[in-house]
Every structure is written in structure tokens, then in C-alpha cells.
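Here the structure comes first, spelled out in C-alpha cells, and everything after it is commentary.
The values are calculated or read from the model by the stated rules, or taken from the named source; none is laboratory data. Predicted, not measured: the structure shown is a model, and the values here were computed from it. Counting neighbours? That spans all protein chains shown, and the Cβs are built from the backbone with ideal geometry, glycine included. Calculation scope for accessible area: heavy atoms of the full protein, side chains included, ligands and nucleic acids excluded. Shrake-Rupley method; radii C 1.70, N 1.55, O 1.52, S 1.80 Å.
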Amino acid sequence: MRTAALPSVAAMNATTTRGALLAALACVLVGGSFTANSLLGDYPYAGGQCLRYGLACLLLLPIVGPGAAARVRALTPRQWARLALLAALGMVGFNLAVIAAERTAEPAVPGVFVGCAPVVVAVLVPLLEGRRPQRVVLSGALLVVAGACTVQGWGRTDGTGIAFSVCALVGEVGFAVLAVPVLRPLGPRLLSATVCGVAAVESAVAGAVLDGGAWLRRPDATETAALLWQAAIVTVVGFVCWYMGMQRIGAERATLFSGLIPVAAACTAPLVGTGSYGVPQAVGSALVGAGVALGCRMRPSPPRYEGSSPVVRNQV
């Protein structure tokens, strides 16, 4: 009996390791993308989001797998509403909230609030699934939050900055939690392509309503490079890796790796002369690493949305 169980245990351990690596890569890409964000400061927000997500959708379409059209048509109105909310909160709204927060707050402030996402997800996902939060995951999430806050520090802000920072936290949590029920029927690649298409449409509508004819213009060479990086690397590679990782290890453990976002940003900042990596960053990085290791040390039970059908496996 022991010998027969070994292959399944080894397979589960391999799946968990791959999921952890995929989630980590996705968060490192997001953290390293802050430089590209700084190059788009003068470009219309909605227009940039529309170009980014529209291009990402086009790049993802060739790799969505067989039967993609049928799977999209099979979505219920409730699932489409969830996808629309995911794009509005977790993508378009999240980026808008961060930009709005940084108008009256230093960048570290929304970063600290967003860094609390692992704790919120570690509590919220189990409650939505009718089970108790896992103590080990929650403890790891608390360490990750402490590490992320140590890396970023705290900055000046006001009530408006705090309010928009809370909105950014809601968007970060929504990006993981809202995807849970639609990850199984669509798979990581088709989910990423679909939600990017929805986000592009939402950005276009928001730009036309808020900015009129000025919502979109031709980007210059620097802005073009930044948008291409955001679309091809951060969105296409990052989103697919994130949802593939989440499919393997669950939303609770995958969100632990969001603590790597400020760590990656702190590590890359000295390369472009926008910051320094000192003792607080080193201590915070160690705390994030300890929290991730603690939260992922237990063998996770298969997520409810992971599925075991051949269709789902072929999508991955």
C-alpha cells in the first residue's frame, strides 16, 4: 500500500512545486514592471490600458487551445458578469486606483495596502468555500505582509490616498478570488485571453466617456516599448503563469507570492536609478521568503476549481 501511494504523492509534490514556481514568476514580472509604468506617465490612462489588454488578447488567441470558442459560448450570464467584474476591479480598476492614490500619497502607501492581499485571500477564499481558514497559510500570509511592508516602508498620505489604496487592495483581491469559479471551465490561457478582451473593451468605453477624443493617441517610441513590455511579458506571460500556478496550488497559496512584487521592485530599482536596496529591503525580503515557505510547506488539497477532466489538463 505504501509503495502504491508513492507515485501519487510524488506527482502532487511536483504539481505543487510547478505551481509555486509559476506564481513566483508571475509576481516577479509584475514587480519588475514598475519601470515600464513610470514611462507611461504622460500617456492617456484608458488608452494605454486598451492597447495593453487588446494586444495581449490578440497574442493569447493562438495558444488558447482546441474548443476555445465552444467553451466561451458555454459560459453562463453569471460567469460573464464575473469576468466583467474581474476585468473592471482586478485589472482596469486596480491600475486606476493605484494612479489615483499616488496623486496624494507616496507610492509606498498603496503598496502597503496591496501587500495585505495574502491575508485577505487566506481568510476570504475558505469562507466562500464553506471551510475554515488554514492556520499555516494564514500565518505565512501575515509574515508575507510584514515583509512587504518592511520592504516598502510607509509614506505621506491623506484620506483620499488611503481610500484609493483600499480600492487597489480590493482590486488585487478580486483578481484572484473572482477568477476561482471560471478557471476550471476556461483554463488559464483562455481565461487570460477572455478577461484581457473584456478589459480592453471596458477601457475603451471608460476612455471615451471620461476623456472624449483625447483618450487615445499614437505612442512615441519609448511609450511603445513600455506598452509592448506590459502586453507581451507582464500580461501574456504573467497572467498565464499566475492562473496556471493558482490552478495547481489554490488561490490562498498563490497569493502568498504577491509579496514578491515589492521585493522584485526593490531589487530592480537600483538598476534604473530610482531607488536603493538596503537593510530594510533585505530584512523584508527575508520575511517574505519565510512567509511563503511557511504557507506552502503543507501539502495542499486539490483546489475545487482545478478539475480532473482531460479537457482541463489539456488547457494547461
Residues of segment 121-178 satisfying the condition of being surrounded by fewer than 18 Cβ atoms within 10 Å (Cβ to Cβ) and among the β-branched types (Val, Ile, Thr): VAL123, VAL136, THR160, ILE162, VAL166
Hey, LEU190 in a helix (DSSP H, G or I), within 18 Å of the chain's Cα centre (by Cα) and free of Cβ contacts under 8 Å to residues at least 60 places away in the same chain or not: no
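Here's the yes/no breakdown for (1) at pLDDT below 90; (2) among the β-branched types (Val, Ile, Thr); (3) touching a strand residue (DSSP E or B) at 6+ places or on another chain (Cβ under 9 Å):
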position	(1), (2), (3)
SER139	no, no, no
GLY147	yes, no, no
THR150	yes, yes, no
GLY153	yes, no, no
THR157	yes, yes, no
ALA163	no, no, no
VAL166	no, yes, no
VAL177	no, yes, no
VAL182	no, yes, no
Filtered residues of segment 40-52 (kept if of a type outside the set (Gly, Ala, Ser) and closer than 19 Å to ALA100 by Cβ): LEU40, ASP42, TYR43, PRO44, TYR45, GLN49, CYS50, ARG52
Single residue of GLY111, GLY93 found to be part of a helix (DSSP H, G or I), out of contact with any Phe, Trp or Tyr (no Cβ under 8 Å at 6 or more places or on another chain), modelled with pLDDT of 90 or more and not hydrophobic (A, V, I, L, M, F, W, C): GLY93
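Within segment 210-217, identify whether any single residue is surrounded by fewer than 22 Cβ atoms within 10 Å (Cβ to Cβ) and either in contact with a Lys or Arg (Cβ under 6 Å, 6 or more places away or on another chain) or under 26 Å from ARG82 (Cβ atoms) (or both), and answer yes or no. Steps first, answer last, please.
Here is the first cut: in segment 210-217, the residues surrounded by fewer than 22 Cβ atoms within 10 Å (Cβ to Cβ) are 210-217.
Filter again for either in contact with a Lys or Arg (Cβ under 6 Å, 6 or more places away or on another chain) or under 26 Å from ARG82 (Cβ atoms) (or both), leaving 210.
Yes, segment 210-217 contains at least one residue that is surrounded by fewer than 22 Cβ atoms within 10 Å (Cβ to Cβ) and either in contact with a Lys or Arg (Cβ under 6 Å, 6 or more places away or on another chain) or under 26 Å from ARG82 (Cβ atoms) (or both).
Quick grid of which residues meet (1) open to solvent by less than 10 Å² (accessible area, probe 1.4 Å); (2) under 21 Å from VAL30 (Cβ atoms); (3) modelled with pLDDT under 90:
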position: ALA204; (1), (2), (3): no, no, no
position: THR224; (1), (2), (3): no, yes, no
position: LEU260; (1), (2), (3): no, yes, yes
position: ALA269; (1), (2), (3): no, yes, yes
Matching entry among ALA231, ALA193, ALA200, ALA265 (being in contact with a Gly (Cβ under 6 Å, 6 or more places away or on another chain), modelled with pLDDT of 90 or more and either within 14 Å of LEU55 (Cα to Cα) or open to solvent by less than 30 Å² (accessible area, probe 1.4 Å) (or both)): ALA200
Within segment 13-90, helices (runs of 4 or more DSSP H) holding 1 or more residues that are in contact with a Leu (Cβ under 7 Å, 6 or more places away or on another chain), within 13 Å of GLY197 (Cβ to Cβ) and basic (Lys, Arg): 45-60
Number of the exception - THR150 against (1) in contact with a helix residue (DSSP H, G or I) (Cβ under 6 Å, 6 or more places away or on another chain); (2) free of Cβ contacts under 8 Å to residues at least 60 places away in the same chain: (2)
